[in-house]
């Protein structure tokens with residue numbers, strides 16, 4: 001029966017097993033114009049040991065890299081005002097940003113997702129992020 | 001002590017009923033799992049952010065449904081945003097109704113959109129009322 005047992009025991013088990021929390025911190029950037037998504041995605045990433053910064057749009061993300069900020073991984077929304085995820089990803093790759101860039105979108109259209117991937121993403125996920133999506137990414141960072 | 005146990009049981013029952021009645025799904029459990037001592041009101045904060053977005057979108061959709069002819073592209077766009085926000089808090093019924101609404105938009109079925117929207121508003125209001133009661137009950141000293 002879903003929801004019967006509550007969350008605390010599984011939460012503690014997951015965090016203690018997580019490879020990131022045992023090693024040096026990894027830095028993540030969450031780029032989304034929705035404050036709720038920024039909050040949720042930041043919390044998910046922090047729960048597995050990431051240090052997290054946020055940006056409200058693509059321009060803020062690009063400006064962070066221009067000022068010398070470095071991140072192991074960027075989670076970026078596709079649709080944002082000022083500068084969208086596609087343009088921001090192109091700009092970051094043009095600046096030779098080597099961070100893993102993961103698109104996060106609520107759009108289901110294969111064409112739109114393909115355009116986003118072509119901008120320079122490593123991966124594209126459907127919102128919202130979940131542990132099942134994040135843990136393999138962490139493990140890959142650990143290996144590399 | 002007995003009163004506290006009674007309150008805890010009541011709270012657990014309120015929470016379980018939200019899942020049993022199909023209002024919430026596992027996304028809500030993820031949010032609960034993220035809540036910790038450093039962020040003791042995380043779930044309520046996220047749900048409050050959702051209310052802010054969703055209330056605005058409901059008003060926008062209502063106004064758009066009053067127009068003639070209906071602009072199905074715009075309606076679909078607004079509902080896409082509403083669905084995204086609902087998905088993020090695990091609002092299962094409302095999410096399903098959002099999907100149905102978007103299907104009616106794609107089919108150009110205005111009557112279907114309006115009927116589905118009425119159902120969606122009803123279930124949204126029910127979920128909001130139940131969650132507000134749940135968080136109120138969960139307050140320390142409540």
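What does the extension gain come out to for residue B:63 and residue B:9, with contour length at 0.36 nm per residue minus their alpha carbon separation? Display every interim value, and only then the final one.
Working: separation 54, 0.36 × 54 = 19.44 nm, distance 4.24 nm.
Additional length available on full extension: 15.2 nm.
Express in nm, to one decimal, how much length is gained between residue B:114 and residue B:74 on full extension, taking 0.36 nm for each residue of separation and deducting their alpha carbon distance. Walk me through the numbers before you get to the answer.
Values: separation 40, 0.36 × 40 = 14.40 nm, distance 1.44 nm.
In short, 13.0 nm is gained.
Evaluate E = 1/(1 + (r/R0)^6) for residue A:144 and residue A:69, where r is the Cβ-Cβ distance and R0 equals 30 Å; express this FRET efficiency to the nearest 0.05.
Result of the calculation: an efficiency of 0.90.
Give me the angle, in degrees from 0 to 90, between the Cα long axis of helix B:42-65 and the longest principal axis of the Cα atoms of chain B, rounded to the nearest 10.
The angle comes out near 20 degrees.
If I stretch the segment between residue A:24 and residue A:96 completely, what's the gain in nm (0.36 nm per residue apart, minus their alpha carbon distance), one decimal?
Working: separation 72, 0.36 × 72 = 25.92 nm, distance 2.41 nm.
Taking 0.36 nm per residue and subtracting the Cα distance, the gain is 23.5 nm.
Express as a percent, rounded to the nearest 5, the fraction of DSSP beta bridges in the protein assembly as shown (both residues included) that run antiparallel.
Details: 2 of 20 bridges.
Counting only bridges with both partners in the protein assembly as shown, antiparallel ones make up about 10 percent.
Estimate the FRET efficiency between residue A:112 and residue B:133 by the formula 1/(1 + (r/R0)^6), using the beta-carbon distance for r and 30 Å for R0, to the nearest 0.05. Kindly include the intermediate steps, with their values, before the conclusion.
On the way: r = 40 Å, r/R0 = 1.32.
Once the sixth-power term is evaluated, E becomes 0.15.
Based on the alpha-carbon gyration tensor of the protein assembly as shown and its eigenvalue square roots a ≥ b ≥ c, which shape applies: rounded if a/c is under 1.5, prolate if not and a/b is larger than b/c, or oblate?
Numbers: a/c = 2.19, a/b = 1.09, b/c = 2.00.
Here the protein assembly as shown falls in the oblate category.
For chain B, count all C-alpha to C-alpha pairs, find those more than 25 Å apart, and express that count as a whole percent of the total. Can you show the working numbers first?
Details: 3373 of 10011 pairs.
It works out to 34 percent of all Cα pairs.
Under 8 Å for C-alpha pairs, at least 6 residues apart: give me the relative contact order for segment B:1-138, rounded to a whole percent.
Working: 113 pairs, mean separation 37.5, N = 138.
Value for segment B:1-138: 27 percent.
We did not get these values from a lab; they are worked out from the coordinates using the rules stated. Everything numeric here is computed off the predicted structure, so don't read it as measured data. Because the Cβ atoms are built from the backbone with ideal geometry, glycine has one as well, and the counts that use them run over all protein chains shown.
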